[in-house]
Amino acid sequence: MDEVRMVRGHYPEPAPPTAQEIARAKALLKEPQRRSLPRLRWGLGGMVAVGVAAAVAITLAGGNPPAPPGPVHLDDRGMFLAAAEKAERQPTGNYWYVSQIGGHSYIMRARTGTYAVTGAHTESFSWWGAKPGMGEAFHSRVIPARPPTERDMALWRRAGSPSSFRVWSADSYSTYTTRAEKWRVDTRSGGGEFPGGLSSGDLRSLPTAPAELAERFLSRTAMRAAGALRPSAGREAELAGTKFMRVASLLAAPVPPKTRAGLMRALTTQPGVHAVGRATDPLGRRGIALASDGRATTVTGEFGAPKAEQGTYHSRAVIIFDERTGALLSQQEELTRPGGPYAEMKPGFVINYWTIRSAGWADARPTLPTGLPFG
């Protein structure tokens, strides 16, 4: 992959030239002038060879060395591939842990002003030993419903800071509150299986090549076999969102670093998926993102939805990774064209999300987070 070679050449410091490389560069300069220098392949080795030849030429001519080359400006896809490179180099440990937060946004139309609130708010915390017999644990808790932005918070206070929110959700009314619950053992998880029924041994033996991973997890055949392909999923935009969810679920498991990087690279090759540069997740963290094409969703009154919830809005799926480490940060749905239940919101509004608060390898057995994820 030319892009990967470019990224490798941009970020690390190149190794100093060897004696053999210096000798080859001198030999090239001593050849008759009618022969041109061979075109060197772009990459770390090629860039070093070019630098050596230039340095020797300056020494022989008695001139001053040229100014160092300017910085290489990577495009959105290049930045994402750089993050994948960093994911591949992350260390492992004795235990894998992951803390995940899920939430859905609802619109509160108070007399004092319309604001958003995030409800259906849950956090899960799980860990697994790297080897059989080292143990595993699964916990979950309900976390408070809350206004997601400072503007929403101000309007919520203006409305009297209500402690409960009655919202239309999944064809019925639900009520969410600002109360937090304690951690509880989650007996619904566990059993030694990961997404797709994979075991820890299966995860360790997964391929690393992007093409193989795409065929195994992201092809229509694979998604249909896993029950992840809905009958209506005919458009690439909807398929891309499903692929983001599949990859996110795998990356929340103890997947080896090279497979993790391979899954990231596989996403960049999928139809309807675009690198979109930097984006912000619900915890306010900036990262490198991929996004699907936009798609339309229409809410009708067929199942009793209130008139204020009816209409058509457009949204896209987004998946965000940490630029420094390649770690998965969030998989979320963002509004691209207001309408229907989100007519009062602006493009970029996060409709729902599944965010990783923290995840990684640890040498000691992980412990539950003590504080809430939002201040």
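Out of everything in the range 178-200 that is more than 24 Å from the chain's Cα centre (by Cα) and at pLDDT 85 or above, what residue ends up being nearest to TRP128 (Cα to Cα)? Applying the filter and picking the extreme gives VAL185. When you look at GLU323, is it within 24 Å of the chain's Cα centre (by Cα) and open to solvent by less than 30 Å² (accessible area, probe 1.4 Å), yes or no? Spelling it out, it is not the case that GLU323 is within 24 Å of the chain's Cα centre (by Cα) and open to solvent by less than 30 Å² (accessible area, probe 1.4 Å).
Only one of the numbered conditions (1) in contact with a strand residue (DSSP E or B) (Cβ under 9 Å, 6 or more places away or on another chain); (2) open to solvent by 50 Å² or more (accessible area, probe 1.4 Å); (3) not polar (S, T, N, Q) is violated by VAL117, and that is (2).
Per the listing ALA67, ALA84, ALA54, the residue uniquely outside any strand (DSSP E or B), of a type in the set (A, V, I, L, M, F, W, C), at pLDDT 90 or above and farther than 22 Å from PRO373 by Cβ is ALA84. Take the conditions (1) buried (at least 16 other Cβ atoms within 10 Å of the Cβ); (2) touching a His at 6+ places or on another chain (Cβ under 8 Å); (3) farther than 24 Å from TRP96 by Cβ; (4) modelled with pLDDT of 95 or more; ARG337 misses just one of them, which is (1).
Do you know which of the residues in the range 271-286 that are small (Gly, Ala, Ser) and under 14 Å from VAL350 (Cβ atoms) is farthest from the chain's Cα centre (by Cα)? This residue is GLY284.
Give me a count of the residues in the range 275-293 that are surrounded by fewer than 17 Cβ atoms within 10 Å (Cβ to Cβ), small (Gly, Ala, Ser) and in contact with a helix residue (DSSP H, G or I) (Cβ under 9 Å, 6 or more places away or on another chain). Matching residues across the range 275-293 total 1. Can you find a residue in the range 99-106 that is crowded, with 21+ Cβ neighbours inside 10 Å, farther than 21 Å from MET245 by Cα, modelled with pLDDT of 95 or more and in contact with a strand residue (DSSP E or B) (Cβ under 8 Å, 6 or more places away or on another chain)? For the range 99-106, residues crowded, with 21+ Cβ neighbours inside 10 Å, farther than 21 Å from MET245 by Cα, modelled with pLDDT of 95 or more and in contact with a strand residue (DSSP E or B) (Cβ under 8 Å, 6 or more places away or on another chain): present.
The values are calculated or read from the model by the stated rules, or taken from the named source; none is laboratory data. Because the structure is a prediction, the values reported are computed rather than measured. Neighbour counts are summed over all protein chains in view; Cβ atoms, including those assigned to glycine, are modelled from backbone coordinates with ideal geometry. Side chains are part of the model used for accessible areas, which takes the heavy atoms of the whole protein and leaves out ligands, DNA and RNA. Shrake-Rupley method; radii C 1.70, N 1.55, O 1.52, S 1.80 Å.
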